[in-house]
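To start, the structure itself, in structure tokens.
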Amino acid sequence: MLARPMHSGVSMRELLRYVVVPATVGGLVGLAVMLLTTKESYTDKPGYASAVRRAAPSVVNIYSTSASHRICENPRYRDWCRDNARMQNALGSGVVVRDDGYILTNNHVIQGASEILVAFTNGQATTAQIVGTDPDTDLAVIKVQASGLPVIPIAERTTEVGDVALAIGNPFGIGQTVSQGIISAKGRAAITPMPHDDFIQTDAAINPGNSGGALIDSSGALIGINTMMYSQSGGSEGIGFAIPTTLALAILDEIVATGRVTRGWLGIELAETVQFDSGLGVLVTRVLNRGPAFDAGLRTGDVIVEINDRRVDSSSVVSRTIAETNPGTTVTLDIMRDGRFMSLTANSGRRPTF
């Protein structure tokens, strides 16, 4: 079959009006959209530069004029330290959390330092004084005589495993550095001998010198204070730990208000979780003579199943609940002894400084 010719009734003017002009306009619009899209693709480049710009000015380098860096005690880094004299004074990092000069860092960063120097990203530096420390959580608060400092934004939403995490600090004393990873786990306990462990775990590289620096989310908001890494080689192996912001800020407020952290105390030592017919509990392995728990009638071998009406599934639950009570506060213990359940009431004491 032969194709039929165009109907002779269609004029050239109609062809331009209904076919050529719309096609031309459509092509121009498409070209404009393509150009705009291409421009946006170059402008909105992937990455976390905006988050770093938002947080980095609040992360400081901390030095001491007397103490040598602990990393230099590691045989792996002795030669490197000898060749880099600045490492003899580099201690770690800190985070500006108040514009009137308060900075959060790790206790082990400033412990034993006779003089502390804080260096900001704008090149300025000044000395700092220790406001207070909390060795149990490895946190410390220092203060510089300055105002109008860039305060790091605080994350308002709860972080979840799998969220992006960026670590900012001063690894090996070489200067401010950013590493990227994710939140690997939350609520990590029994990482240290302290009973208050509640760490965020991340695979963002944390090396010596990162201690006291910031762990931020993808918007640049603070989610934790970097404190340690797990390593068998002395370098980062993708397992780092940070103190959650909620805990760090609570410690900050108490230290600023009173100069110290006060915790409740019952005078007991606990084993890991034990399972019995009725559920879970924690075995009491030691009761200090004449301590609050001893006076309440708690004995070695008892199993704590509830504390202040809260079910116990780990020793950390008991330790944290006791620590969070103010001295003089009543603590209710539901226990199992010789196969029988009973309740005891203890008056929380003040945790001694060991």
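The rows are residues; the columns are (1) buried (at least 19 other Cβ atoms within 10 Å of the Cβ); (2) outside the structural domain of T105 (by TED's automatic domain parsing).
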position	(1), (2)
A128	yes, no
T133	yes, no
A140	yes, no
A155	yes, yes
Q180	no, yes
G187	no, yes
Condition check for P292: surrounded by 20 or more Cβ atoms within 10 Å (Cβ to Cβ), within 27 Å of T133 (Cβ to Cβ) and either touching a Cys at 6+ places or on another chain (Cβ under 6 Å) or not β-branched (V, I, T) (or both): yes
Hits in region 300-354 - residues which are basic (K, R) and surrounded by 12 or more Cβ atoms within 10 Å (Cβ to Cβ): R310, R311, R320, R337, R350, R351
All positions within region 113-149 that are of a type in the set (A, V, I, L, M, F, W, C) and assigned to a loop (DSSP other than H, G, I, E, B): A113, F120, A146, L149
Matching entry among R286, R260 (being of a type in the set (D, E, K, R) and touching a residue at least 40 places away in the same chain (Cβ under 8 Å)): R260
Residue match in region 276-286 (condition: of a type in the set (V, I, T), touching an Asp or Glu at 6+ places or on another chain (Cβ under 9 Å), surrounded by 18 or more Cβ atoms within 10 Å (Cβ to Cβ) and under 29 Å from V161 (Cα atoms)): yes
Any hit, region 280-302, residues being within 29 Å of the chain's Cα centre (by Cα) and not in a loop (DSSP other than H, G, I, E, B): yes
Region 161-186, residues that are part of a loop (DSSP other than H, G, I, E, B), in contact (Cβ under 8 Å) with a residue 24 or more places away in the chain and over 20 Å from G92 (Cβ atoms): V161, D163
Residue in region 303-313 that is in contact with a strand residue (DSSP E or B) (Cβ under 8 Å, 6 or more places away or on another chain) and under 28 Å from V59 (Cα atoms) present: no
Strands (runs of 3 or more DSSP E) completely within region 303-354 that count 2 or more residues being in contact with a Phe, Trp or Tyr (Cβ under 9 Å, 6 or more places away or on another chain): 303-307, 330-337
Matching residues, region 160-175, being closer than 13 Å to A242 by Cβ and buried (at least 24 other Cβ atoms within 10 Å of the Cβ): A165, A167, I168, G169
Failed item, numbered, when I152 is tested on (1) part of a loop (DSSP other than H, G, I, E, B); (2) free of Cβ contacts under 8 Å to residues at least 60 places away in the same chain: (2)
Identity of the residue in region 98-113, surrounded by 22 or more Cβ atoms within 10 Å (Cβ to Cβ) and of a type in the set (A, V, I, L, M), that ends up nearest to P208 (Cα to Cα): V109
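The values are calculated or read from the model by the stated rules, or taken from the named source; none is laboratory data. Here the structure is a predicted model, which is why all the values come from computation and not from measurement. Note that each Cβ is placed from the backbone with ideal geometry, even for glycine, and that neighbours are counted across all protein chains shown.
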